[in-house]
2 protein chains.
Amino acid sequence: MGSMKDVAKLAGVSVSTVSRVITGNIPVEQQTRVRVEDAIRVVNYRPNLIARGLRSKNSHLIGLVVPEVIHATFTSFIKYTEEIVNRHGYNLILGNTQSDPEVEEQFIDTLLRRNVDGVIFCRVSDKSRVLGILERTNVPIVVLDRSLGSENVHIPLVSLNNRMAGVLAAEHLSDLGHAQCACITGPMDIALSRKRLEGFKSHIESRGLSLDTTAVVEGDFRFGSGVQAMRTLFERRAKFSAIWAQSDLMAIGALQELQRRGIAVPEEVSLIGMDDINFAEMMVPTLTTIAQPFERMCEEAVQLILRQQENKPVPENRIVLDPELIIRESTARK
Amino acid sequence: MGSMKDVAKLAGVSVSTVSRVITGNIPVEQQTRVRVEDAIRVVNYRPNLIARGLRSKNSHLIGLVVPEVIHATFTSFIKYTEEIVNRHGYNLILGNTQSDPEVEEQFIDTLLRRNVDGVIFCRVSDKSRVLGILERTNVPIVVLDRSLGSENVHIPLVSLNNRMAGVLAAEHLSDLGHAQCACITGPMDIALSRKRLEGFKSHIESRGLSLDTTAVVEGDFRFGSGVQAMRTLFERRAKFSAIWAQSDLMAIGALQELQRRGIAVPEEVSLIGMDDINFAEMMVPTLTTIAQPFERMCEEAVQLILRQQENKPVPENRIVLDPELIIRESTARK
DNA sequence: TTGTAGGCGTTATCAG
DNA sequence: CTGATAACGCCTACAA
């Protein structure tokens, strides 16, 4: 792979002329243009993005920061973000921080030193100092699926209407005639877990019922905590005919424990998950769930980056998308 | 974030001196060193990797090419590769080609133009022209979990002993007394599917039994094809008391279909998967499976890249790792 | 329309 | 030990 110099020499022109035919839209005489184009082919010239980036101060690189990779939500974010940035001519540089502030900071540091054109953060905690660091740079940044409550109002944010997710779940269950519901939440120090519970609870109360405190168990979004939460519910002798788990993985954990105890789903207990991961359809019974619009979330995030970069006014700084109820087999009329 | 120039000006030295204290191990007088270090702190200087890369012709970037993201095997590769390259001071740039040769080529092109220090390809087909393109460059390249048969013997390769996977599955089933087995394979135009089947079959034959051709169905590694394959087996009235599916996803599909037909696993039919994805433990019954050493595979791949880059002799050009049988609940004595 | 010159931020070489 | 200077590959004034 030759450089511009090689092309120039071969074509008998200066490098700036080569640059012009590469860039296009700058007048070059037809004759020299073809000479240059031929030379380009001969030396197999491809513009070097490093050099170009050094000059133009942008890298066409977008950083994606996730706290985990093997995790339905983040895997989806990775997939769609990569696809979308690609479509816009960018490449994705991926960083898994495992929620370790140390790793987080160190990754952000190299991103900045690579002149990335933007950084997308998945579910970053307000505790992480990185937001502060990034704010002081002028690198476009977007928080996707954010967690904690206290607000950095000026940082662009794409998130789900988590409260609505709770309402949708409660609505579906009460429509089916369930008067006693249980809820397996995510970590309560993450705002989205609280918002989901709040929506769930408030809809139940709006129907004149109440959500028993013994029927609310905290999990960590993962499978094991779903199993454990189910056991806790039984230990507490909580009364319920329906359960909402705030992630499909926890719902699948709950399902496993129910089946091990010989409790039929949905005949005896109805079960709703959340996320609509692929596996929701693979269970027996298939899982009713609250779907997140992963692809649209990523699209909005990338748009926010690109707009900031072009210094276009960003009309909406906080984009909140709606979840959707997907009815399958795991819920039934009481 | 200032540049070296800023630091130099502030410290009253030349840029080369600044460069020296950054690089370390080049003699600089103690006094000027501290002056420079102070200045570095003041202007918040961080060496720019783009510029450094332009000079030194390496980017500390490694490209990972996968044909899919939301897919147990590749998600694992992404996770581990990212972790490992990071540990070595590299960043990962991820490309999902969806097996589209067009996208593949275009991605490789930008990788080369970014001066990546290495490219790791997951399950690349021999049909893709990219291997040829890459061979002509001197960028280190490794094929991970490769598929097709015809050999480019000089390209470093990390793969699984797929034949052994088949043997392990057959061995386990015949140890349990199953004389009639079925197999749901991956796409037969992918070499690893054929090798797996070959191992499976040959072990069965070594026991004086045979694998009925009606009991072999081709899938595509995905859930839906597992469901479909199961139906096909029933339509064909194939006789079997045990099934090996060459991916956990297909096994889960088969399981769903079996359960829908009221056939108990493992009481009536034993079932083995392959991969040992997270969900294998989440099923009821939990899935017996053949585990792939994903992390080690990635480690070897990264090692091969780094060794090539340092121009160290690469002792082993083809690394084949062994799978492992994980016994859970979905298999039982006949 | 084309070439020359300078610079993007680093590092390496060569004097001093 | 330190400072010019050139070079990495590209782009963009400015001049011709």
Testing B:G63 on (1) farther than 23 Å from B:S247 by Cβ; (2) away from chain A (no Cβ under 11 Å), one condition comes back false. Which one is that? (2)
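Per-residue answers, yes or no, for (1) among the β-branched types (V, I, T); (2) surrounded by fewer than 19 Cβ atoms within 10 Å (Cβ to Cβ); (3) touching a His at 6+ places or on another chain (Cβ under 9 Å):
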residue: B:G118; (1), (2), (3): no, no, no
residue: B:S128; (1), (2), (3): no, no, no
residue: B:L134; (1), (2), (3): no, no, no
residue: B:H154; (1), (2), (3): no, yes, no
residue: B:V158; (1), (2), (3): yes, no, no
residue: B:V167; (1), (2), (3): yes, no, yes
residue: B:P187; (1), (2), (3): no, yes, no
residue: B:L197; (1), (2), (3): no, no, no
residue: B:R207; (1), (2), (3): no, yes, no
Quick one: how many residues across region B:40-54 are in a loop (DSSP other than H, G, I, E, B) and near DNA strand C (Cβ under 9 Å from one of its atoms)? 4
Out of curiosity, is B:E310 at pLDDT below 95 and out of contact with any Pro (no Cβ under 7 Å at 6 or more places or on another chain)? yes
Checking A:K57 against (1) away from DNA strand C (no atom under 16 Å from the Cβ); (2) of a type outside the set (S, T, N, Q); (3) closer than 30 Å to A:M297 by Cβ, only one condition comes out false. Which one? (1)
Kindly indicate whether any position in region A:182-203 is at pLDDT below 95 and in contact with a Cys (Cβ under 6 Å, 6 or more places away or on another chain). no
Matching residues in region A:2-16 - criterion: being buried (at least 18 other Cβ atoms within 10 Å of the Cβ), more than 44 Å from the chain's Cα centre (by Cα) and within 11 Å of DNA strand C (Cβ to nearest atom): A:A8, A:A11, A:V13
Please determine whether any residue of region A:90-106 is in contact (Cβ under 8 Å) with a residue 60 or more places away in the chain and more than 10 Å from chain B (Cβ to nearest Cβ). no
For residues that are more than 7 Å from every other protein chain (Cβ to nearest Cβ) and on the phi < 0 side of the Ramachandran plot, scanning just region B:77-89, find the one that is surrounded by the most Cβ atoms within 10 Å (Cβ to Cβ). B:T81
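Enumerate the strands (runs of 3 or more DSSP E) found wholly within region A:113-190, keeping only those where 2 or more residues are closer than 24 Å to A:W244 by Cβ.
A:157-160, A:181-185
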Test A:L54 against the stated conditions and say whether it is within 16 Å of DNA strand D (Cβ to nearest atom) and facing chain B (nearest Cβ under 9 Å). yes
Kindly indicate the residue of region A:37-51 that is more than 7 Å from chain B (Cβ to nearest Cβ) and surrounded by 20 or more Cβ atoms within 10 Å (Cβ to Cβ) and also farthest from DNA strand D (Cβ to nearest atom) among those meeting that condition. A:A39
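Restricting attention to region B:232-253, which residues are crowded, with 21+ Cβ neighbours inside 10 Å and closer than 21 Å to B:E198 by Cα?
B:L233, B:A242, B:I243, B:W244, B:A245, B:Q246, B:S247, B:D248, B:L249, B:M250, B:A251
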I'm checking my understanding of the structure. Among residues of region A:17-39 that are within 7 Å of DNA strand C (Cβ to nearest atom) and of a type in the set (D, E, K, R), which one is farthest from B:R113 (Cα to Cα)? A:E29
Checking A:V66 against (1) outside the structural domain of A:T81 (by TED's automatic domain parsing); (2) more than 8 Å from DNA strand C (Cβ to nearest atom), which test does it fail? (1)
Across region B:231-262, what is the total count of residues that are within 14 Å of chain A (Cβ to nearest Cβ) and within 20 Å of B:H172 (Cβ to Cβ)? 10
Is it true that some residue in region B:22-29 is under 37 Å from the mean Cα position of the chain (by Cα) and crowded, with 22+ Cβ neighbours inside 10 Å? no
Leading residue by the ranking (farthest from the other protein chains (Cβ to nearest Cβ)) among those in region A:279-298 that are assigned to a loop (DSSP other than H, G, I, E, B) and hydrophobic (A, V, I, L, M, F, W, C): A:L287
Would you check which residues across region A:224-255 are among the β-branched types (V, I, T), free of Cβ contacts under 8 Å to residues at least 60 places away in the same chain and over 21 Å from B:A280 (Cβ atoms) and list them? A:T232
Near pairs, Cβ below 6 angstrom, 6+ apart or cross-chain, from region B:1-30 (more than 14 Å from chain A (Cβ to nearest Cβ) and part of a helix (DSSP H, G or I)) to any residue that is within 11 Å of DNA strand D (Cβ to nearest atom) and among the small types (G, A, S): B:A8/B:S14; B:V15/B:A8; B:V18/B:A8
Checking A:E104, A:E37 in turn, the sole residue that is closer than 26 Å to B:Y90 by Cβ, modelled with pLDDT of 90 or more and assigned to a helix (DSSP H, G or I) turns out to be A:E104
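The values are calculated or read from the model by the stated rules, or taken from the named source; none is laboratory data. As the structure is a computational prediction, the values presented were derived from the model and not from experiment. Because the Cβ atoms are built from the backbone with ideal geometry, glycine has one as well, and the counts that use them run over all protein chains shown.
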